[in-house]
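Just below is one structure, and these are the notes that go with it.
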């Protein structure tokens, strides 16, 4: 029996300590498949890489904001009103263009037979 291919979208999550310099560190991947009701994020918060771009950056604030991305993906009650939105709306909010310390790439499409495995592969390719 053949497994079904899932059409997904993913975006790379970045920390941009000094927005005016446009330098960033990739810290995670968000992957979404609306049809399968799959939305997840994998994060790696490397303090050492971030402080090389800005020694005075507020690491705790960034870490807390990244945790909110996890809560929104999972639809957790303490994720605020956005976490209560439907999956597609949460993904669009998470990947919306913003000029802040935490940014995402534009969403990119792909096909996968195993969404968690694909998320792990993208994470290893773009973050680790």
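The values are calculated or read from the model by the stated rules, or taken from the named source; none is laboratory data. Source: prediction; values computed, not measured. Don't worry about glycine lacking a Cβ; one is built from the backbone with ideal geometry, like all the others, and counts go over all protein chains shown.
Brief remarks follow.
- Contact map, the stretch 34-50: first residue at positive phi, second residue in a loop (DSSP other than H, G, I, E, B) and modelled with pLDDT of 95 or more, Cβ cut-off under 8 Å, separation 6 or more or different chains; the map is empty.
- Residue within the stretch 98-111 that is touching a helix residue (DSSP H, G or I) at 6+ places or on another chain (Cβ under 9 Å), under 23 Å from residue 6 (Cβ atoms) and free of Cβ contacts under 8 Å to residues at least 12 places away in the same chain present: no
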